[in-house]
Amino acid sequence: MMLVELESGGGYAGLRLRSSVDTDELPPAQASDVAAALDALAAAGPPPATSRPRYQLTVHRPAGVQVVELVEPEVPPALRPLLVELIRRARGAGT
């Protein structure tokens, strides 16, 4: 189980979004892909400054907290479905 929190900003509109999802709510194969992709990003440094949309994922695991920063279009394919779901939830929260 992991709780993944999204904070998004940047891009030309500069919209800020926040949401979260527990990976137990995802299909098992997707949750496994997400965990593997986040593990692979653990050693990566922050992305360069850009006007493209930025995503900060805060991942709460039993072993501790991991913060990952991503920039479009460099989101790993395994994280794209998670990001889409988090953005959907963030936009739905305001309606």
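The values are calculated or read from the model by the stated rules, or taken from the named source; none is laboratory data. Computed from a prediction, not measured in an experiment: that's the story for all the values here. Counting neighbours? That spans all protein chains shown, and the Cβs are built from the backbone with ideal geometry, glycine included.
The table that follows gives values for the structure above.
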{"item": "In the stretch 57-95, residue nearest to V34 (Cα to Cα) [restricted to those that are of a type in the set (D, E, K, R) and part of a helix (DSSP H, G or I)]", "result": "R80"}
{"item": "Index of the failed condition, R52 passing every other in (1) modelled with pLDDT of 90 or more; (2) more than 11 Å from the chain's Cα centre (by Cα)", "result": "(1)"}
{"item": "Residues satisfying the stated conditions in the stretch 64-95, i.e. more than 16 Å from V4 (Cα to Cα) and at pLDDT 90 or above", "result": "P77"}
{"item": "Top-ranked residue in the stretch 4-17 [being surrounded by fewer than 15 Cβ atoms within 10 Å (Cβ to Cβ) and under 14 Å from the mean Cα position of the chain (by Cα); ranked as modelled with the lowest pLDDT]", "result": "G9"}
